[in-house]
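S.K.: Dumping the structure here so I can ask a few things about it.
The values are calculated or read from the model by the stated rules, or taken from the named source; none is laboratory data. Since the model is a prediction, treat every value here as computed from it, not as a measurement. A quick note on method: Cβ atoms are made from the backbone with ideal geometry, for glycine too, and the neighbour counts reach across all protein chains shown.
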């Protein structure tokens, strides 16, 4: 599919090596920008938008570490991906230094073309996706601003209409009132009683009773309005809250105008009250949505970056497949959650999505009730199930036609117990060490969800048992928006 080309900066003091990198990376179809020194690279960065920097560690005058430090000092390039190429054996201390300077990876010499292309491609695509997310965020902000302007215009038109009592009554959420400044008598129309949640048969309109219906934090607004009219003001407008007798809080905007006698003394104040509760709630929902979309986009990107950086494989193809598999698993559960407006996901739906590529004519048996999962729980289990299915398809029951897999689950005392039982596949041996998938599964289920992941490497097939609380008591996990940040941290711990 056609896509916007991104710029890849190649930095090396040796023309022959630069030419070799050009030949290797040419088939990616991206724009290759050449710099023969660190200083030239800095000049190009200031003039050009760069997605990935490929830099030689050993260069005269300004080596790769020094160049990386200078690049990271500039606000524009603090998140630019940098890959170091080293022709000498790199020590752990040098690697640590490089990562501290902002490097995302090392490539040793001699360079394996397929490996270099794969690494550059991953970060180029990540850069493209990041820009796409930024554009989407900008579009959302533009829509919010447009909606805000629309609301402001609507409010202005509403204020004009509030001056007419007949329109206030017809609207249903408006009310009008008169206050005789001399005698203290009040008059409310039907709309005013409706807004305050009282009736003329049981409510006497006087300053004390009206003040009792105002929110305690907004009582000063009434006092301020009276003071303004006593100082000679002719009009006053404010927003305030009321506490109805049934306990409901409503937002209102009030507009008042004074009538004066020949000596400019206030004799009457008339006004209109408009119930704007729904508008306030809509604004709150809109602001919350904007913040939530921005938060989820950034955190999803952080989780994807962690997956890319921490996945390990001996072969380029295996590396690409592993990264794509884990990110696709995350994307599938995000789709399910978005369809429910991030209210949750059905466990059976998650399992169906993950087993779709492995439906092999009755090899898989599912048994369990309908269980609604919170967003954080759903995302963690989706990644855990992906690892289990992937391992089974490579080494376990799903790698042969004779293999069988039974997945069962039940809920007791708000704890979900999911059992994974394989049989009929190749002979199973207990692994000498845990791979990244197993370690990330354990870290996310146990540390993130407060559950347990138990493995029994039986000869006839793997038996895995996941126990996950459906209700978390800690603030970090009850807010689903915090999940992606915590998950990225857990993946980093798992990789160690």
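S.K.: For segment 359-382, enumerate the residues that are surrounded by fewer than 21 Cβ atoms within 10 Å (Cβ to Cβ) and within 16 Å of residue 464 (Cβ to Cβ).
M.R.: Across segment 359-382, the qualifying residues are 364, 365, 366, 367, 368.
S.K.: Further, regarding this structure: Please find, among 6, 23, 11, 52, the residue that is surrounded by 14 or more Cβ atoms within 10 Å (Cβ to Cβ) and over 17 Å from residue 130 (Cβ atoms). Walk me through it before giving the result.
M.R.: Working: 6 fails: over 17 Å from residue 130 (Cβ atoms); 23 fails: surrounded by 14 or more Cβ atoms within 10 Å (Cβ to Cβ); 52 fails: over 17 Å from residue 130 (Cβ atoms).
When all the criteria are applied, what remains is 11.
S.K.: Scan segment 343-380 for residues that are modelled with pLDDT under 80 and in a loop (DSSP other than H, G, I, E, B) and jot them down.
M.R.: 343, 344, 359, 360, 361, 362
S.K.: Could you tell me whether any residue of segment 402-413 is more than 20 Å from residue 469 (Cβ to Cβ), in the same structural domain as residue 455 (by TED's automatic domain parsing), surrounded by fewer than 20 Cβ atoms within 10 Å (Cβ to Cβ) and out of contact with any strand residue (DSSP E or B) (no Cβ under 6 Å at 6 or more places or on another chain)? Even if it seems obvious, please write down each step before you answer.
M.R.: Of all residues in segment 402-413, those more than 20 Å from residue 469 (Cβ to Cβ) come to 402-406.
The next check asks that each one be in the same structural domain as residue 455 (by TED's automatic domain parsing); those that pass are 402-406.
Checking which are surrounded by fewer than 20 Cβ atoms within 10 Å (Cβ to Cβ) leaves us with 402, 404, 406.
Imposing the further condition that a residue be out of contact with any strand residue (DSSP E or B) (no Cβ under 6 Å at 6 or more places or on another chain) reduces the set to 402.
There is at least one residue in segment 402-413 that is more than 20 Å from residue 469 (Cβ to Cβ), in the same structural domain as residue 455 (by TED's automatic domain parsing), surrounded by fewer than 20 Cβ atoms within 10 Å (Cβ to Cβ) and out of contact with any strand residue (DSSP E or B) (no Cβ under 6 Å at 6 or more places or on another chain).
S.K.: Every residue in segment 425-467 that is within 19 Å of residue 410 (Cα to Cα), over 25 Å from the mean Cα position of the chain (by Cα) and in a loop (DSSP other than H, G, I, E, B), please.
M.R.: First, the residues of segment 425-467 that are within 19 Å of residue 410 (Cα to Cα): 445-446, 449-455, 463-467.
Retained after the next criterion (residues that are over 25 Å from the mean Cα position of the chain (by Cα)): 452-455, 463-467.
Listed by number, the list is empty, since nothing qualifies.
S.K.: Hey, another quick one. Evaluate the following for residue 76: is it surrounded by 12 or more Cβ atoms within 10 Å (Cβ to Cβ) and in a helix (DSSP H, G or I)? Lay out the reasoning, then the answer.
M.R.: On the way: surrounded by 12 or more Cβ atoms within 10 Å (Cβ to Cβ): no; in a helix (DSSP H, G or I): yes.
Judged against the criteria, residue 76 is not a match.
S.K.: Run down 278, 284 and say which single residue is surrounded by fewer than 17 Cβ atoms within 10 Å (Cβ to Cβ), assigned to a helix (DSSP H, G or I) and at pLDDT 85 or above. Don't jump to the end; show me each part of the working.
M.R.: Numbers: 284 fails: at pLDDT 85 or above.
Selected residue: 278, the only one of 278, 284 that is surrounded by fewer than 17 Cβ atoms within 10 Å (Cβ to Cβ), assigned to a helix (DSSP H, G or I) and at pLDDT 85 or above.
S.K.: Would you call residue 157 surrounded by 11 or more Cβ atoms within 10 Å (Cβ to Cβ) and either modelled with pLDDT under 85 or within 21 Å of residue 288 (Cα to Cα) (or both)? Spell out how you get there, then give the answer.
M.R.: Working: surrounded by 11 or more Cβ atoms within 10 Å (Cβ to Cβ): no; either modelled with pLDDT under 85 or within 21 Å of residue 288 (Cα to Cα) (or both): yes.
When the stated conditions are applied, residue 157 does not pass them.
S.K.: Here is a follow-up. Can you tell me which residues in segment 120-132 are in contact with a helix residue (DSSP H, G or I) (Cβ under 9 Å, 6 or more places away or on another chain) and either within 16 Å of residue 26 (Cα to Cα) or surrounded by fewer than 16 Cβ atoms within 10 Å (Cβ to Cβ) (or both)? Break it down into steps so the answer makes sense when it comes.
M.R.: As a first pass, look at segment 120-132 and keep what is in contact with a helix residue (DSSP H, G or I) (Cβ under 9 Å, 6 or more places away or on another chain): 120-124, 126, 129-130.
120, 121, 122, 123, 124, 129 - these are the residues of segment 120-132 that are in contact with a helix residue (DSSP H, G or I) (Cβ under 9 Å, 6 or more places away or on another chain) and either within 16 Å of residue 26 (Cα to Cα) or surrounded by fewer than 16 Cβ atoms within 10 Å (Cβ to Cβ) (or both).
S.K.: Given (1) surrounded by fewer than 23 Cβ atoms within 10 Å (Cβ to Cβ); (2) in contact with a helix residue (DSSP H, G or I) (Cβ under 8 Å, 6 or more places away or on another chain), where does residue 385 come up short, assuming only one miss?
M.R.: All conditions are met except number (1).
S.K.: Could you figure out which of (1) more than 31 Å from the chain's Cα centre (by Cα); (2) buried (at least 21 other Cβ atoms within 10 Å of the Cβ); (3) under 24 Å from residue 327 (Cα atoms) isn't true of residue 422?
M.R.: Residue 422 satisfies all of (1) more than 31 Å from the chain's Cα centre (by Cα); (2) buried (at least 21 other Cβ atoms within 10 Å of the Cβ); (3) under 24 Å from residue 327 (Cα atoms) except (3).
S.K.: Which residues, taken from segment 259-287, are closer than 30 Å to residue 150 by Cα and touching a strand residue (DSSP E or B) at 6+ places or on another chain (Cβ under 6 Å)? Step through it out loud before you land on a result.
M.R.: Pass one, segment 259-287, residues closer than 30 Å to residue 150 by Cα: 270-287.
If the condition is that a residue be closer than 30 Å to residue 150 by Cα and touching a strand residue (DSSP E or B) at 6+ places or on another chain (Cβ under 6 Å), then 270, 271, 272, 273, 274, 275, 276, 277, 280 are the ones that fit.
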